[in-house]
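Asker: The structure follows.
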Amino acid sequence: MPYYRSVGEIPPKRHTQFNNPDGGLFAEELMGEEGFSFDSSLLYHKYLPTALQAIEPVDIEDQELTPNHPLKPRHFRTHQLKAGGDPVTSRHTVLANGDVRISYFTGSEDSPLVKNAVGDELVYVEAGSGTLESTFGTVPFTSGDYVIIPASTIHRWVIDDAEEPMRALIVESTGHIGPPRRYLSRNGQFLERSPYCERDQHGPNEPLEVEGEDVDVLVKTKTGITRFVYKNHPFDVVGWDGCLYPYTFSIHDFEPITGRVHQPPPVHQTFEAPNVVVCSFVPRLFDYHPKAIPAPYNHANVDSDEVIFYVDGSFMSRKGSGIEAGSISLHPAGHTHGPQPGSVEASLGAEATEELAVMIDTFRPLELGPGGRDAEEDDYAWTWLGGR
Ligand SMILES: [Fe+2]
């Protein structure tokens, strides 16, 4: 949940007459979550946001999921997935379950307008830069940014015309994505002990006010994708206020919490969603007890599947396993995993790490999507052999 924001022109009192320059009224739209009982924003449109001219079904490729059976830890090399296309229609589903879809994208094309009516999206930008345009205005993004898009926000991705394509890890929730509740006061302000705060969240600063007619918007629902053709451009908003809007948060603004001995993964938590947590592993000083072991201990995640997307750094704990930048590891519930044989001893005396990684834990088992099947490294399960 971001903080209250007011952008562009709005009337002094909500639900009152707000005249446009022609003497008519701007069209007020309430966008609210959980049936008028959670975060919301009020938007003021030049034209009716309800005026549809056509509705058509859209054919999409089969996204068949296969269970992780027999149970295996897995390694996917995302940089081997086919590049090209745009961040909305060219995503490769790597892993998914009833709560979340984790996909990967590499490409340079701008996306069509889209509205994900299923849930919030979190996009971690591994490389490239551009602008997210939406009914709320624009939000620039660059590598290291998490871009959080509330459910049902009409938006599109505009990628900078650079030599480097955009690379992104995409988390589609079936609910709402926000900071962990324990980071917030009763009234929703970030507490002193949280590893980031409001100043690190960057939302739109001004409305877009785009004019246009006959505008296609892809609408994602649990039953498929529908094309809405709006009479007027949905980016016609002159102002809005509220606590619901897209924003960015850079992983480089996450302030790591360290200690004398190894700190558990929840200190790295950055976001939560129903049955899903997202953590950021950032460059940090290692533990400072004189006999500390900087490498993590072996661990059995009894209630969760653990996914790590490796972005940068040496990934000391898995050195020698084949993990590299762009790798995704899946360490499922039922499997005890840990550092590479020899990593514990090699880590003794190390003072800092430069690793950068995003972890996604799910509380229900993940299944493999087409991208996962295409990018899997077959022999990962045996990479812990070679120790004593
Ligand atoms: Fe782990």
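Asker: Collect the residues in the stretch 100-129 that are assigned to a strand (DSSP E or B) and of a type in the set (Asp, Glu), keeping them in residue-number order.
Answerer: Correct list: GLU121, GLU126.
Asker: Kindly indicate which of PRO283, PRO365 is touching a residue at least 40 places away in the same chain (Cβ under 8 Å) and more than 21 Å from LEU95 (Cβ to Cβ).
Answerer: PRO283
Asker: Filter the stretch 40-60 down to the residues that are at pLDDT 95 or above and assigned to a loop (DSSP other than H, G, I, E, B), then identify the one that is surrounded by the fewest Cβ atoms within 10 Å (Cβ to Cβ).
Answerer: Step one: filter the stretch 40-60 for residues at pLDDT 95 or above, giving 40-58.
From the residues that got through so far, the ones that are assigned to a loop (DSSP other than H, G, I, E, B) too are 46-51.
Values: LYS46: 19, TYR47: 17, LEU48: 13, PRO49: 20, THR50: 10, ALA51: 12.
So the residue we want is THR50.
Asker: Same structure again: I need the full set of residues from the stretch 151-179 which are of a type outside the set (Gly, Ala, Ser), surrounded by 16 or more Cβ atoms within 10 Å (Cβ to Cβ) and part of a loop (DSSP other than H, G, I, E, B), in order please.
Answerer: Scanning the stretch 151-179 gives THR153, ILE154, PRO165, THR174, HIS176, ILE177, PRO179.
Asker: Within the stretch 223-249, can you find the residues that are more than 21 Å from the chain's Cα centre (by Cα), assigned to a loop (DSSP other than H, G, I, E, B) and farther than 21 Å from TRP157 by Cα?
Answerer: Result: THR223, single match.
Asker: Taking the condition hydrophobic (A, V, I, L, M, F, W, C), farther than 25 Å from HIS252 by Cα and in the same structural domain as TYR245 (by TED's automatic domain parsing), does VAL123 pass?
Answerer: It is false that VAL123 is hydrophobic (A, V, I, L, M, F, W, C), farther than 25 Å from HIS252 by Cα and in the same structural domain as TYR245 (by TED's automatic domain parsing).
Asker: Can you give me the number of residues within the stretch 253-266 that are in contact (Cβ under 8 Å) with a residue 40 or more places away in the chain and surrounded by 15 or more Cβ atoms within 10 Å (Cβ to Cβ)?
Answerer: Matching residues across the stretch 253-266 total 4.
Asker: In the stretch 318-337, how many are without any contact (Cβ under 8 Å) to a residue 60 or more places away in the chain and on the phi > 0 side of the Ramachandran plot?
Answerer: Residues that pass the stated criteria total 0.
Asker: Considering the stretch 112-127 alone, what residues qualify as being surrounded by fewer than 22 Cβ atoms within 10 Å (Cβ to Cβ) and in contact with a Pro (Cβ under 6 Å, 6 or more places away or on another chain)?
Answerer: Residues satisfying the conditions do not exist here.
Asker: Continuing with the same structure: Out of the residues in the stretch 61-108 that are buried (at least 22 other Cβ atoms within 10 Å of the Cβ) and hydroxyl-bearing (Ser, Thr, Tyr), state the one that is farthest from ASP216 (Cα to Cα).
Answerer: Of everything passing the filter in the stretch 61-108, THR78 is farthest from ASP216 (Cα to Cα).
Asker: Just to be sure I understand the filter: pairs with C-beta atoms under 8 Å, separated by 6 or more residues or on different chains, first member in the stretch 215-235 and small (Gly, Ala, Ser), second member part of a strand (DSSP E or B). Which pairs pass?
Answerer: GLY224/PRO57; GLY224/VAL58
Asker: Still on this structure: What single numbered condition from (1) closer than 25 Å to ILE170 by Cβ; (2) modelled with pLDDT of 95 or more fails to hold for THR336?
Answerer: It fails just one condition, (1).
Asker: Okay, moving on. Taking the stretch 164-184 as the search range and keeping residues that are basic (Lys, Arg) and touching a residue at least 60 places away in the same chain (Cβ under 8 Å), which one is nearest to THR362 (Cα to Cα)?
Answerer: Here is the first cut: in the stretch 164-184, the ones basic (Lys, Arg) are 167, 181-182.
Within this subset, residues satisfying the condition of being touching a residue at least 60 places away in the same chain (Cβ under 8 Å) are 167, 181.
Values: ARG167: 23, ARG181: 17 Å.
The qualifying residue nearest to THR362 (Cα to Cα) is ARG181.
Asker: Further question on the same structure: Would you point out which residue out of ASP241, ASP214 is touching a strand residue (DSSP E or B) at 6+ places or on another chain (Cβ under 9 Å), of a type outside the set (S, T, N, Q) and surrounded by 14 or more Cβ atoms within 10 Å (Cβ to Cβ)? So that I can check it myself, show each step before the final result.
Answerer: Numbers: ASP214 fails: surrounded by 14 or more Cβ atoms within 10 Å (Cβ to Cβ).
Result: ASP241 is the single residue among ASP241, ASP214 that is touching a strand residue (DSSP E or B) at 6+ places or on another chain (Cβ under 9 Å), of a type outside the set (S, T, N, Q) and surrounded by 14 or more Cβ atoms within 10 Å (Cβ to Cβ).
Asker: Continuing with the same structure: From PRO165, PRO195, PRO179, which residue is closer than 18 Å to GLY242 by Cα and in the same structural domain as VAL123 (by TED's automatic domain parsing)?
Answerer: Working: PRO165 fails: closer than 18 Å to GLY242 by Cα; PRO195 fails: closer than 18 Å to GLY242 by Cα.
Only one candidate passes the filter, namely PRO179.
The values are calculated or read from the model by the stated rules, or taken from the named source; none is laboratory data. As the structure is a computational prediction, the values presented were derived from the model and not from experiment. Cβ coordinates were reconstructed from backbone atoms using ideal geometry, including for glycine residues, and neighbour counts include every protein chain displayed.
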